[in-house]
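Novice: My questions all concern the structure below.
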Amino acid sequence: MQGMDVAERRAARAMVQFVGGEAARLEIPAPPVADDDGEQLGLRAPEFTAKLLAPVAVRNTKDATEVLVAANVLEELLGVRGCGAVAAAMTVVYVVVIGDVRYRMTATECVKAKGDARLYRLLVAANGAEVV
């Protein structure tokens, strides 16, 4: 059964690669620096860590822009596994950059097969666009 799980995850990654094969950059706030006077006073400018997410498929619908990514790719990038853990980890993403366009995260949806995550849908909106 374990071999089938790995095969299904690889198949999801191959599908995303074939359909889109694009890359996205996740910008995540850097952790605070201990013993930094400016940090303690709130004077330090925010810094971000960029993480490259690839391959992804980007799909525009009438309501939103969706970024599709295989479960194993996103879980390895974030260092967590499972729908709830990934959704929680994605709440700290400040912006998603695709090409030259910056998007803000609006939701993370998990697509399951046989009770396990196979694909994630990241719903994003262009900065300045209304979320419906």
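Novice: So which of R44, R13, R81, R9 is part of a loop (DSSP other than H, G, I, E, B), modelled with pLDDT under 90 and touching a helix residue (DSSP H, G or I) at 6+ places or on another chain (Cβ under 7 Å)?
Specialist: On the way: R13 fails: part of a loop (DSSP other than H, G, I, E, B); R81 fails: modelled with pLDDT under 90; R9 fails: part of a loop (DSSP other than H, G, I, E, B).
The unique qualifying residue is R44.
Residue by residue, here is whether (1) surrounded by fewer than 17 Cβ atoms within 10 Å (Cβ to Cβ); (2) closer than 19 Å to A50 by Cβ holds:
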{"site": "E66", "(1), (2)": "no, no"}
{"site": "L78", "(1), (2)": "no, yes"}
{"site": "G84", "(1), (2)": "yes, no"}
{"site": "V92", "(1), (2)": "yes, yes"}
{"site": "K114", "(1), (2)": "yes, no"}
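Novice: Next question. Give me the pairs: first residue in region 97-112 and aromatic (F, W, Y), second residue open to solvent by 50 Å² or more (accessible area, probe 1.4 Å), beta-carbon distance under 8 Å, and six or more apart or on different chains, which are they?
Specialist: Correct list of pairs: Y103/N127.
Novice: Shifting gears a bit: Select from region 48-64 the residues that are closer than 23 Å to P31 by Cβ and aliphatic (A, V, I, L, M) and write down the one among them that is least open to solvent (accessible area, probe 1.4 Å).
Specialist: Checked region 48-64; the qualifying residue least open to solvent (accessible area, probe 1.4 Å) is L53.
The values are calculated or read from the model by the stated rules, or taken from the named source; none is laboratory data. These figures come from a predicted structure and were not determined experimentally. When we count neighbours, we look across all protein chains shown, and the Cβ atoms used for this are built from the backbone with ideal geometry, even at glycine. The accessibility values were calculated without ligands, DNA or RNA, using every heavy atom of the protein model including side chains. Shrake-Rupley method; radii C 1.70, N 1.55, O 1.52, S 1.80 Å.
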